[in-house]
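Asker: Dropping a structure here in structure tokens format, bear with me for questions.
The values are calculated or read from the model by the stated rules, or taken from the named source; none is laboratory data. Remember, it's a predicted structure, so these values are computed and weren't measured experimentally. Reconstructed Cβ throughout: ideal geometry from the backbone, glycine too, with neighbour counts over all protein chains shown. In case anyone asks, the SASA skips ligands and DNA or RNA and just uses the protein heavy atoms, side chains included. Shrake-Rupley method; radii C 1.70, N 1.55, O 1.52, S 1.80 Å.
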Amino acid sequence: MTQTGTGWPRGRTYWVLGSVLLLGLGVLFGLVWQNVWLGIIIAAAVSVGWLLAYESSRGRNVGVNDEDNGIQL
């Protein structure tokens with residue numbers, strides 16, 4: 001039986017590394033402020049924005065002025 005899937009996409013490695021780095025920085029930030037959960041929540045919020053920006057740059061759709069779809073992040 002042959003597999004027809006593409007496997008591991010090229011950009012996923014940087015996405016995973018960036019997510020792990022942001023989570024680590026969030027935990028470190030939380031340790032400094034003596035509230036690890038706050039750091040994890042902040043890291044999750046930042047990583048969502050970073051993921052949107054990263055995927056936008058990979059899709060050659062950088063910028064907020066898209067005349068077809070309106071304003072985008």
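Asker: List every residue pair whose Cβ atoms sit under 9 Å apart, with the two residues 6 or more apart in sequence or on different chains, where the first one lies in region 17-44 and is in contact (Cβ under 8 Å) with a residue 24 or more places away in the chain and the second, anywhere, is aromatic (F, W, Y) and surrounded by 13 or more Cβ atoms within 10 Å (Cβ to Cβ).
Answerer: Qualifying pairs under 9 Å: G18/W50; G18/Y54; S19/W50; L22/W50.
Asker: Here's a follow-up. Name the residues in region 5-29 that are open to solvent by 60 Å² or more (accessible area, probe 1.4 Å), of a type in the set (A, V, I, L, M, F, W, C) and touching a Phe, Trp or Tyr at 6+ places or on another chain (Cβ under 9 Å), would you?
Answerer: W15
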